[in-house]
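Please read through the structure below; I'll follow up with questions.
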Amino acid sequence: MYHLLWKQKKRLVPVLLLGVALLYSVRTRAQEIELNLPNHDDKKYFLGIALMFNSSRFHIEQSPRFLQYDSVLSINPLNTGGFGLAGIHTYRLSNRFEVRAIFPQLLFSYKNLAYHLKYPNKSLDEDTFMTKPVESIMLGLPVHIKFRSDRINNFRVYMFAGGKIEYDLASNSSSRKAENLVKLKSYDMGVEAGIGFNFYFPVFILSPEIKFSNGLINTHSKDANLKFSNTIDKLKSRMVVFSLIFEG
C-alpha cells in the first residue's frame, strides 16, 4: 500500500509543477501587457462616431377590412438591410454607469411588404405576388444608460438600454406618393437595448455593438382609397442594428 501511494505521489509532482509553471507564465504575460489609453476612464465626457448597418421590418396588425374583402389575400413583412451614420456623446456618471446620446443619427432603412393579390390589375402592372418597398430616412435621437464591466487589460463589456425618438425625412416624399402604397407618419418613438465590447487601441477605442430597437407607436397613415393600405390597421417598426463605434 505504501509503495502504491508513493508511486502516485511521484506522478502528481510533475503535474503540480506544470500547473504552477502555467500559472506563473499567465501572470507574467498579463503583467507584460501594456495598457492602451490608461487615462481614458478619467474623462467625464468624450465623443465618437458610428458606422451602422441595420435589418428592418414592420410588425403588422391587419384591419377588419382585410377579412371583409378578398382582393388582398396576404401581407407579409420582409427583413431588409440598410445603413447609417451617427455621432456619439458619452458622459460618465460613475465607474459603472454612463449616459449616452446618439445625435445626429441618420439611418437609411427599407421595410418591404410582400402582397399576395387575388385579382391583380394588369393595367397597373400588378402581379399575383408583389413586393412593395417602403423607404425611410430616419433622423433620430436615441438616449441610453450604459452599464460597464471592469476593464480587463484592453477589453471591456457593456450593456445598455434606453429610448429613441425619430423623424422620417422621407415620409412626405414624392416617390412614396407615386408608389401609391403605404403612407407613414413623420414621427416614431421606441425602446432599445443591446450589448457591446470595448477594444482599447493606442489612439482610439473600437466598440462593436448590437442593439434591438422596437417602435411603440403606430406609424401607418391609413388611406381608405388605397387597396394596399386600407387592409392594414397598424405598422410598428422593428430593427436590429450592428454598429462599429470609434471613440477617443
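Somewhere in the range 105-116, is a residue among the charged types (D, E, K, R), in contact (Cβ under 8 Å) with a residue 12 or more places away in the chain and closer than 30 Å to Asp42 by Cβ?
Checked the range 105-116: no residue is among the charged types (D, E, K, R), in contact (Cβ under 8 Å) with a residue 12 or more places away in the chain and closer than 30 Å to Asp42 by Cβ.
Considering (1) closer than 21 Å to Phe242 by Cβ; (2) surrounded by 15 or more Cβ atoms within 10 Å (Cβ to Cβ), say which one Pro104 fails and leave the rest.
(2)
Scan the range 116-150 for residues that are farther than 30 Å from Phe199 by Cβ and within 27 Å of the chain's Cα centre (by Cα) and jot them down.
Those that are farther than 30 Å from Phe199 by Cβ and within 27 Å of the chain's Cα centre (by Cα): Thr131, Lys132, Pro133, Val134, Glu135, Ser136, Ile137.
So, one more: Check Lys44 against each of (1) more than 22 Å from the chain's Cα centre (by Cα); (2) modelled with pLDDT under 95 and name the one condition it does not meet.
Condition not satisfied by Lys44: (2).
Could you identify the single residue in Glu61, Glu32 that is loosely packed, with under 14 Cβ neighbours inside 10 Å and at pLDDT 90 or above?
Within the list Glu61, Glu32, the selection yields Glu61.
Please find, within the range 215-248, the residue that is nearest to Gly162 (Cα to Cα) out of those that are hydroxyl-bearing (Ser, Thr, Tyr) and not in a strand (DSSP E or B).
Thr219
Filter the range 145-184 down to residues that are at pLDDT below 90 and exposed (fewer than 14 other Cβ atoms within 10 Å of the Cβ), then give me how many there are.
5
Now for a separate question. Identify the residue in the range 123-139 that is assigned to a loop (DSSP other than H, G, I, E, B) and out of contact with any Pro (no Cβ under 8 Å at 6 or more places or on another chain) and, among all such residues, is surrounded by the most Cβ atoms within 10 Å (Cβ to Cβ).
Filtering first and then ranking leaves Val134.
Now, a different point. Which one of the conditions (1) under 25 Å from Arg57 (Cβ atoms); (2) at pLDDT 90 or above; (3) not in a strand (DSSP E or B) does Ser109 fail to meet, given that it meets all the rest?
Only one criterion in (1) under 25 Å from Arg57 (Cβ atoms); (2) at pLDDT 90 or above; (3) not in a strand (DSSP E or B) is unmet by Ser109, namely (3).
Also: Suppose we filter Pro142, Pro120 for residues that are in the same structural domain as Asn214 (by TED's automatic domain parsing) and assigned to a strand (DSSP E or B); which single one remains?
None of the others qualify; the one that does is Pro142.
Could you give every pair whose Cβ atoms fall below 9 Å, whose first residue belongs to the range 230-248 and is within 12 Å of Phe58 (Cα to Cα) and touching a residue at least 40 places away in the same chain (Cβ under 8 Å), and whose second residue is surrounded by 15 or more Cβ atoms within 10 Å (Cβ to Cβ) and acidic (Asp, Glu), counting only separations of at least 6 or pairs across chains?
As it stands, the answer is Lys236/Asp188; Ser237/Glu166; Ser237/Asp188; Met239/Glu192, since those pairs meet every condition given.
Within the range 66-101, restricting attention to residues that are touching a residue at least 24 places away in the same chain (Cβ under 8 Å) and assigned to a loop (DSSP other than H, G, I, E, B), which residue is surrounded by the most Cβ atoms within 10 Å (Cβ to Cβ)?
Applying the filter and picking the extreme gives Ser71.
Return yes or no: is Glu192 modelled with pLDDT under 95 and surrounded by 13 or more Cβ atoms within 10 Å (Cβ to Cβ)?
Considered against the rule, which asks whether it is modelled with pLDDT under 95 and surrounded by 13 or more Cβ atoms within 10 Å (Cβ to Cβ), Glu192 comes out as no.
Please verify whether Tyr91 is among the hydroxyl-bearing types (Ser, Thr, Tyr) and at pLDDT 95 or above, treating the condition exactly as stated.
Criteria met by Tyr91.
Please go through the range 143-164 and pick out each residue that is of a type in the set (Val, Ile, Thr) and farther than 13 Å from Pro38 by Cα.
Residues satisfying the conditions are Val143, Ile145, Val157.
Can you go through Lys227, Lys234, Lys211 and tell me which one is basic (Lys, Arg), assigned by TED's automatic domain parsing to the domain that holds Lys111 and within 17 Å of Leu51 (Cβ to Cβ)?
None of the other options fit; the residue is Lys211.
Determine, yes or no, whether Lys234 is under 30 Å from Phe66 (Cα atoms), at pLDDT 90 or above and surrounded by fewer than 16 Cβ atoms within 10 Å (Cβ to Cβ).
Yes: the conditions hold for Lys234.
The values are calculated or read from the model by the stated rules, or taken from the named source; none is laboratory data. This is a predicted model, so every value here is computed, not measured. Note that we place each Cβ from the backbone using ideal geometry, even for glycine, and neighbour counts take in every protein chain shown.
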